[in-house]
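Below: one structure, written as structure tokens.
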Amino acid sequence: MITMGMLIVFGFAFQGFFGVAAGILIASLVGLGYGWVKKERFFIRWSLLALFLDLLCMIGFYGICNIGQPAIDKPLPFNTIVSNPLKQKNMKHAMPQLPYELEALAPLISKETLDFHYGKHLQAYVDNLNRLIEGTPWESLSLEEIIQKSDGGVFNNAAQAWNHTFFFQTLTPKQGEMPENLKAKLTESFGSPEEFVQQFTKAAATFFGSGWIWLVADDKQQLSIVAESNAGNPLRDGLKPILVIDVWEHAYYIDYRNRRAEYIDAFWKLVDWKKVAERI
Ligand SMILES: [Fe+2]
């Protein structure tokens with residue numbers, strides 16, 4: 001005689017939660033069918049109970065897996081990836097390589113600032129992110145996907161890792177002339193490159209608290225300046241990051257103390273215009 005216990009054990013032949021749940025589901029349906037054919041109320045009663053509990057567990061587990069993961073309407077319509085594109089499930093997020101030496105931006109941004117800003121702050125965001133997502137569904141997602149979907153500590157650390165990577169990649173010790181295509185685009189959106197610099201500088205200088213000032217492009221390729229508090233990242237709004245300045249105090253306090261305006265002046269002397277133009 002086939003017992004309910006044997007049918008449920010059959011489910012454990014599958015691997016993983018949903019495999020086990022599917023096994024129990026099948027076993028419950030078989031038990032239900034058997035009870036119906038044999039007119040055995042015992043099988044019908046216990047099969048229905050097992051089916052109900054199984055469905056309840058599946059719904060609950062699915063909910064837990066998807067907490068804080070709102071659906072993405074559409075994938076990013078542009079290629080602004082700073083994370084490791086080869087990242088596989090269970091691989092840790094890695095520290096990005098700086099495109100220059102730690103002392104290369106001195107004296108405008110000192111080695112000591114980068115030792116802390118890159119070596120301590122960014123390292124902490126990357127380490128925290130890896131620790132927070134270990135063993136969770138976030139582990140299999142790219143940095144960009146995590147930023148789009150997450151909230152709380154996972155978002156803060158993922159976005160700070162992305163923002164800092166993008167910021168450090170925007171700087172160079174060998175600044176060249178602004179490419180013509182960037183000049184034309186800034187003129188189209190702001191009136192002139194000089195006017196853009198003035199507006200961006202004002203936004204950075206007057207921003208209250210910690211955050212990021214971004215130059216972004218929308219889906220019509222129109223450029224605008226966006227201020228984001230804390231770890232804010234325009235990828236969340238479907239906007240394409242072009243340029244950013246970090247206005248957290250840790251970005252400039254060692255070199256400039258509270259004189260943010262001097263730090264912003266230094267930033268303009270270090271922007272890699274060629275790299276910025278390539279992002280448009
Ligand atoms: Fe920072």
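Tabulated data
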{"item": "Rounded to whole Hz, the Karplus (6.51, -1.76, 1.60) HN-Hα couplings of region 179-188, x for glycine and proline", "result": "x, 4, 5, 6, 4, 5, 5, 5, 5, 4"}
{"item": "Amide H contacts of SER210 (H built 1.01 Å from N, under 5 Å, at least 5 apart or other chain)", "result": "ASN230"}
{"item": "Mean shadow area of region 180-280 over all directions, Cα convex hull, nm²", "result": "6.2"}
{"item": "Kirkwood-type radius of region 88-136, with distances r between different C-alpha atoms, in Å", "result": "12.2"}
{"item": "Computed label-point distance, nm, for sites SER189 and ARG45 using a 7 Å Cα→Cβ extension", "result": "7.0"}
{"item": "Value of D in µm² per second that Stokes-Einstein yields for region 76-280, Kirkwood Rh from Cα pairs, at 10 °C (1.306 mPa s)", "result": "91"}
{"item": "Amide proton proximity set for VAL244, modelled H, under 5 Å, gap of 5+", "result": "LEU215"}
{"item": "Entries of LYS149/LYS275; LYS120/LYS202; LYS111/LYS240; LYS92/LYS149; LYS120/LYS185 with Cα pairs more than 26 Å apart", "result": "LYS149/LYS275; LYS120/LYS202; LYS111/LYS240; LYS120/LYS185"}
{"item": "Ranked by how many other beta carbons lie within 10 Å on average, peptides 144-153, 236-245 from highest", "result": "236-245, 144-153"}
{"item": "Segments 98-107, 158-167 sorted - mean Cβ within 10 Å per residue, highest first", "result": "158-167, 98-107"}
{"item": "Mean separation of Cα contacts under 8 Å, 6 or more apart, over the residue count of region 76-280: relative contact order %", "result": "25"}
{"item": "Within-13-Å neighbourhood charge of LEU48 [Cβ basis; K, R +1; D, E -1]", "result": "0"}
{"item": "Prolate/oblate/rounded call for region 95-192, Cα gyration tensor, a/c under 1.5 rounded", "result": "oblate"}
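Throughout, read-outs are computed from the coordinates displayed, never taken from laboratory work. All values reported here derive from a predicted model rather than from experimental measurement. Cβ coordinates were reconstructed from backbone atoms using ideal geometry, including for glycine residues, and neighbour counts include every protein chain displayed.
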